[in-house]
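The values are calculated or read from the model by the stated rules, or taken from the named source; none is laboratory data. All values reported here derive from a predicted model rather than from experimental measurement. Backbone-built Cβ (ideal geometry, glycine too); neighbour counts: all protein chains shown.
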Amino acid sequence: MRLDLPGKTVVITGAGGGLGAGLARALRAQGANVALLDLVADGVKAQAARLGGDRYARGWGVDVRDFDAQQQVFADVAEHFGAVDVAIAGAGVLGPLQTIGPTAPADWDRVIDINLSGVWRTLKAAAPHVQATGGHLVAVSSMIAYIHPPLLASYAASKAGVAAMADVLRLEMRAVGVTVGSVHPVIFRTPMIGDALSSPAAAELVKDFTGAFKTVELETVVDGIVRGIERRAKRTVVPRQHGPTALVPGLAQAALERLLFRPRTIARAIQLGSQPST
């Protein structure tokens, strides 16, 4: 069932970044209201003013590492706009490009806490509101969920974890009328990515990213995500010709869903899993 964006309310975490800001502009152009969430409120508040002001766009400051704060913001968004139809968990960091030897445990923990646990917190805070509207949840992953380059262990692990989490949530949420999608773009240029790719190590890694795996423009990624939301796509791969890279694990997951995870079985397991432990 297609999701028509005009009049819908879309929440975006990481809205102050290049991808989040691009999505906000594209979604407003489609007639959606946008709630812009970012670590620093000033930037997204100014961004919201440029997108039409409080009636159509509003900014909130929130840290995706703080679940209670996210719950409060989602409640505020629902009160302000009247509903939440789509939530995009887009906040993320890249982390240093290092092997396991020099990587500090604190750097590993930060990437996992923001990119993986932060996405989980966002979707958990959004779930009851999106369930009320029969809406759509979006987890921003990466092609690095499927292609694992050296020097990016924490980023690859976090994005692979997001892809797996989206597969699980899709099974759990379909019984209550909520669709769930993951997004898998190749490398695209934003201020965060641009800074990271300026390092000698990154330049060496991506120098051969030509042909099928060359970088793409931000607008290409934004357009792909918006189309995926409208189609309630399970997986959005950008650019689309990279789809076969995600096809094998996607097909395996789809086959297992049909063979092992039937709706009645899932519903019963959810019921049993919701009972308090004795």
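Taken over segment 105-155, the criterion of being at pLDDT 95 or above, of a type in the set (A, V, I, L, M) and not in a helix (DSSP H, G or I) is satisfied by LEU137, VAL138, ALA139, VAL140.
Scanning segment 83-92 turns up no residue that is out of contact with any Gly (no Cβ under 9 Å at 6 or more places or on another chain) and either modelled with pLDDT of 95 or more or not in a strand (DSSP E or B) (or both).
In this structure, LEU3 does satisfy being touching a strand residue (DSSP E or B) at 6+ places or on another chain (Cβ under 7 Å), under 20 Å from VAL178 (Cβ atoms) and assigned to a loop (DSSP other than H, G, I, E, B).
Looking only at segment 89-106, count every residue that is surrounded by 15 or more Cβ atoms within 10 Å (Cβ to Cβ) and either among the small types (Gly, Ala, Ser) or farther than 12 Å from VAL64 by Cβ (or both) and tell me the total.
Going residue by residue through segment 89-106, those that are surrounded by 15 or more Cβ atoms within 10 Å (Cβ to Cβ) are 89-98, 103.
This time we only want the ones that are either among the small types (Gly, Ala, Ser) or farther than 12 Å from VAL64 by Cβ (or both), so: 89-92, 94-98, 103.
Selection size over segment 89-106: 10.
Evaluated against (1) without any contact (Cβ under 8 Å) to a residue 60 or more places away in the chain; (2) surrounded by fewer than 21 Cβ atoms within 10 Å (Cβ to Cβ), LEU152 falls short on exactly one condition, (2). Here the condition is being in contact with a Pro (Cβ under 6 Å, 6 or more places away or on another chain) and either surrounded by fewer than 21 Cβ atoms within 10 Å (Cβ to Cβ) or farther than 21 Å from THR179 by Cα (or both); of GLY53, GLY31, GLY82, it holds for GLY31 alone. LEU37 passes every criterion in (1) under 26 Å from GLU217 (Cα atoms); (2) part of a strand (DSSP E or B); (3) out of contact with any Phe, Trp or Tyr (no Cβ under 8 Å at 6 or more places or on another chain) apart from (3). Against the definition (at pLDDT 95 or above and touching a helix residue (DSSP H, G or I) at 6+ places or on another chain (Cβ under 6 Å)), how does VAL77 come out, yes or no? No; evaluated as a whole, the condition is false for this residue.
Criterion first (of a type in the set (Gly, Ala, Ser) and under 26 Å from ALA83 (Cβ atoms)) does ALA139 satisfy it? First the steps, then the outcome.
Details: of a type in the set (Gly, Ala, Ser): yes; under 26 Å from ALA83 (Cβ atoms): yes.
It is true that ALA139 is of a type in the set (Gly, Ala, Ser) and under 26 Å from ALA83 (Cβ atoms).
Cβ-Cβ distances below 6 Å connect the following pairs, each with a first residue in segment 1-18 that is in contact (Cβ under 8 Å) with a residue 60 or more places away in the chain, a second residue that is surrounded by fewer than 24 Cβ atoms within 10 Å (Cβ to Cβ) and basic (Lys, Arg), and a separation of six or more residues or different chains: LEU3/ARG232.
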